[in-house]
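Report on one structure; see the data block that follows.
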Amino acid sequence: MPMLLRGIEMLSSLQRDALKEFMNVSFGQAASLLSEMAGQKIKLTIPEIELSHISLLGKKIEDEPFANIFKGHIVSSSLAFGNELKGKAQLVFPVKEGKILVSLFMGDEIPLEDDGFMDFSDTDIDAMKEIGNIMLNTIVGSFANLLDKQIIYSLPEVEFFHYPDHQPKFPHETGHYILLIRTTFSLVKTKIEGVVFVVLTMDSISILIKKIDEMLVELYG
Amino acid sequence: MKILVIDDSAVYRTQIIKFLREFLPEAEYITAHDGAEGWNLYKKERPEATLMDLLMPGLSGQEVLKLIKGMEAKAKAKIIILTADIQKYTRDEVEELGATKVINKPISREKAAQIADVIKGD
C-alpha cells in the first residue's frame, strides 16, 4: 500500500521507511476489520501520515485533504489512552457517511436522504462507538505491541459537532505532537471518507522513534 | 445451559447472541450491560459460560474475572473474553487471571463457532 508522509523532517529516510511499513500493517489490519464489520470489500486509498505540533492542527483541518470531511455535520468516535503511552485516537466521519457505516455494521438497509440521515438513534451511537473502539484499538494497540508497552484505555466516546462552528477537541498540553493519519475508505456500493487522528505525547513519540532505531540496528547492524 | 453475555454495547450483546444461537440454539442467554450487573447476575445465575468485554463503565472485565475466580478458583465455568484490545499485555493479564479463551472483536460467524467449541468443550 502506498503511503504519504509529510512534515517528518526530524526522521531520517530509513526511520521514515520503517514507520511507513509499520503503519501499512496497522492500517491493513484496521481496514480488514472494517471490511468484516461492513460486510463489504473495502479499498484503502492512499493514507497520509504527518507528524507535527498540535498547535498546527486547526490549520491542517482546513487543508485540501481534510476539507471534504470537515464540512458541516460531523460524527466522531474517540478513545483516550494512558499509562506507558499517552494520547488520544479519533475517528471522524461526515454524519451522512457515519450513518451509512452504522447501517452496514448492523446489517440494515442503507438509509436514503429522505429517511432522516442526521438522526442517530441510541443504537446508532452505540454502533458508532463500537466501530471506533475496534478500529482505534487496532491502530493504537499495534503501537503498544510494537513498543512492548502497556496502555490503559478510557471508555470510548461519540460526539457530534458542526464544523467550523465547533471543532473537535484534542489534548492541548505543551509539547504535544500529533501523529496525524488520514484514510479514505472506498466501499463497493458507496464511498465513505473518514479521518483517523492519533495524538501522541512527545514522550510517546520518542519511544516510538527509539524502537524504530532499535529495529533498524537489528536489521542493518 | 446458561450463557451470560456482559458488554456495555447493546448492539454487541445482540450481535454476539445472534451469531452464537446458530451453534448453541438450546442455550439460555442472559445479558448484562456493565461489569457490576454482570457480577451480580453471575452470582445469581451461575452460568456455565460467560462472554465478557473488558473495557466497561464501573467494574472492568478484569475486575469481574478476579471476583469470579476469587469466589470459585477451581470452578468449571468458562469465561471467554471478547475484546477490541489487541495488546499482548492484556491477553497475558486475563489469561493469568484465569480466562478460558481470549478473542478479539469484531465477532463473526467463524469466531462464534470457536466460542461454541470452547463452551461445548470440543
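The values are calculated or read from the model by the stated rules, or taken from the named source; none is laboratory data. Predicted model, so just to flag it, every value in this text is computed and none were measured. When we count neighbours, we look across all protein chains shown, and the Cβ atoms used for this are built from the backbone with ideal geometry, even at glycine.
Those residues that are more than 9 Å from every other protein chain (Cβ to nearest Cβ) and surrounded by fewer than 24 Cβ atoms within 10 Å (Cβ to Cβ), I need them from the stretch A:125-139; list them, please.
Those that are more than 9 Å from every other protein chain (Cβ to nearest Cβ) and surrounded by fewer than 24 Cβ atoms within 10 Å (Cβ to Cβ): A:Ile125, A:Ile139.
Go through the stretch A:153-168 and give me each residue that's touching a residue at least 12 places away in the same chain (Cβ under 8 Å) and either surrounded by 22 or more Cβ atoms within 10 Å (Cβ to Cβ) or more than 9 Å from chain B (Cβ to nearest Cβ) (or both). Before you say what the answer is, go through the steps one by one.
Taking the stretch A:153-168 as the starting set, the residues that turn out to be touching a residue at least 12 places away in the same chain (Cβ under 8 Å) are A:153-154, A:156-164, A:167-168.
Selection gives A:Tyr153, A:Pro156, A:Glu157, A:Val158, A:Glu159, A:Phe160, A:Phe161, A:His162, A:Tyr163, A:Pro164, A:Gln167, A:Pro168.
For B:Leu59, are the conditions met, namely being among the hydrophobic types (A, V, I, L, M, F, W, C), crowded, with 22+ Cβ neighbours inside 10 Å and within 14 Å of chain A (Cβ to nearest Cβ)?
No, not satisfied.
Restricting attention to the stretch A:80-98, and to residues there that are assigned to a loop (DSSP other than H, G, I, E, B) and touching a Ser or Thr at 6+ places or on another chain (Cβ under 7 Å), which single residue is surrounded by the most Cβ atoms within 10 Å (Cβ to Cβ)?
Applying the filter and picking the extreme gives A:Leu85.
All but one of (1) closer than 17 Å to B:Ile115 by Cβ; (2) within 14 Å of another protein chain (Cβ to nearest Cβ) hold for B:Arg21, so report the exception by its number.
(2) is the only condition that B:Arg21 fails.
Which is touching a residue at least 24 places away in the same chain (Cβ under 8 Å) and either under 21 Å from B:Arg109 (Cβ atoms) or basic (Lys, Arg) (or both), of B:Ile30, B:Ile16?
Answer to the selection: B:Ile16.
Hey, could you check the stretch A:99-122 for residues that are modelled with pLDDT of 85 or more and among the aromatic types (Phe, Trp, Tyr) and say which is surrounded by the most Cβ atoms within 10 Å (Cβ to Cβ)?
Here the residue is A:Phe105.
Among the residues that make up the stretch A:169-184, is at least one of them at pLDDT 80 or above and either among the charged types (D, E, K, R) or over 19 Å from A:Ile54 (Cβ atoms) (or both)?
No, because not a single residue in the stretch A:169-184 is at pLDDT 80 or above and either among the charged types (D, E, K, R) or over 19 Å from A:Ile54 (Cβ atoms) (or both).
Residues in the stretch B:66-98 that are more than 14 Å from chain A (Cβ to nearest Cβ) and within 18 Å of B:Tyr12 (Cβ to Cβ): how many?
2
All but one of (1) within 14 Å of chain A (Cβ to nearest Cβ); (2) free of Cβ contacts under 8 Å to residues at least 40 places away in the same chain hold for B:Leu54, so report the exception by its number.
Looking at each condition in turn, B:Leu54 falls short on (2).
Residue by residue, here is whether (1) over 15 Å from B:Ala84 (Cβ atoms); (2) surrounded by fewer than 22 Cβ atoms within 10 Å (Cβ to Cβ) holds:
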| site | (1), (2) |
| --- | --- |
| B:Ala10 | yes, yes |
| B:Gln15 | no, no |
| B:Phe19 | yes, yes |
| B:Ala27 | yes, yes |
| B:Tyr42 | yes, no |
